[in-house]
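Notes follow once the structure below has been shown.
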Amino acid sequence: MTPRKATLVGTGLIGGSIGLALRRSGWVVVGTDHDAANAEVAVERGALDAIGEDPASDLTIVATPVGAVAGEARRLLDAGHRVVTDVGSVKASVVAAVDHPGFLGGHPMAGSEQDGIAAATADLFEGATWVLTPTAATADDTFATVRSAIVTLGADVVALAPERHDALVAEVSHVPHLAAATLMRLADDRAEEHRALLRLAAGGFRDMTRIAAGHPGIWPDIVGENRDAIAAVLDRLIEALSEVRQVVVDQDRDGLLDLLEQARAARINLPARLGQPDELSEMRVVVPDRPGSLAEVTTTATEADINIFDIEIAHSSEGDRGVLILLVETDQAGGLQQALVERGYRVSHQRVLD
């Protein structure tokens, strides 16, 4: 079989890791970088087969800073690239600026305190969550192509509306990074007065501030593009810290224990990556032959906290309709069926082993 081909624009930590992972899975990967030396190192490290861009690629990935994504995506689509995705951590502004059936916003929730092609690794995305943000304009084939490629990298795919993604990522990624940076700066300022302070930094402090070691250069674009969502979460954080301060000042033992117990329970119950279930059900969803159906089905599953293990697009004998074949856990199939029926879809399901 002819190997699938990808074009990669940007060969830093994320782009380089994608290239390494795709090539490990049998893809041919070509790519470019605004810094030609980075692209050359990417070839040397095995992240690229060659330097360049191929409009005939099955998939094109834009792995540039957020501020450059929309312009690069439009340029590539205009040049004939059929399926284009990106890896930026802000989605609403990018998706609105591109608005093309061949573009699908994406965001791998993976990274490292290291940066650059030298830190790239083929297993960076194994077990990570990779968010896709389809809209009514996204072609179903675009979604299927991008999702299929991401699954080969070992990531778990979830679909969210772009605005929903930005609000959630502000809470679980952007503000935590700013908070870690602020804590680190406070400690550093105090270290000028007390030289022993940073030597006392134990495991907890190091764990909390590890992400502050990330490359600062990407953050002005991220904060600028997602400033409203970030500001809203910062307001809530400031309010919550004020409440904690009052608990401390009042020596409110019960209030402190309630706060810590709630936080502990929430931390323990953070969802882990789902393993392959023993029992799966195949769901068949009849969808109209129009853009946006796949986006609605997949985002509905995400909002219902239901994991889709596989998706297949089939043609229907009804002509103007298609059929989505979804693989989900059997004990979740009924909930997803109900959610989709409420949105007007015709759905059936049965256990795979029946």
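Which order do the peptides 225-238, 135-148 come out in when sorted by mean C-beta neighbours inside 10 angstrom, highest first? The partial results should precede the final answer.
Numbers: 225-238: 16.0, 135-148: 20.0.
By packing density, highest mean first, the sequence is 135-148, 225-238.
Using the Cα centre of the chain as origin and beta-carbon charges of +1 (Lys, Arg) and -1 (Asp, Glu), tell me which of V248, G15, S173 is placed farthest towards the positive end of the dipole. Checking the options against the dipole of the chain, the answer is G15. For the chain, the calculated P(r) over all alpha carbon pairs, in 10 Å bins from 0 to the bin holding the longest distance, is 5, 21, 30, 24, 14, 5, 1, 0 percent.
Could the peptides 51-58, 168-175, 66-73, 343-350 be put in order, highest first, of the mean number of other beta-carbon atoms found within 10 Å of their residues?
Details: 51-58: 15.5, 168-175: 18.2, 66-73: 21.5, 343-350: 13.6.
Ranked by mean Cβ neighbours within 10 Å, highest first: 66-73, 168-175, 51-58, 343-350.
Need one number: nm distance between label points at V341 and R206, each 7 Å from Cα along Cα→Cβ, rounded to one decimal. That separation, rounded to one decimal, is 5.5 nm. As a size descriptor, the averaged projected area of the C-alpha convex hull of region 216-260 was calculated at 4.2 nm².
Read-outs: derived from the displayed coordinates by stated rules, not from any lab. All figures in this text were calculated on a predicted structure; none of them were measured in a lab. Because the Cβ atoms are built from the backbone with ideal geometry, glycine has one as well, and the counts that use them run over all protein chains shown.
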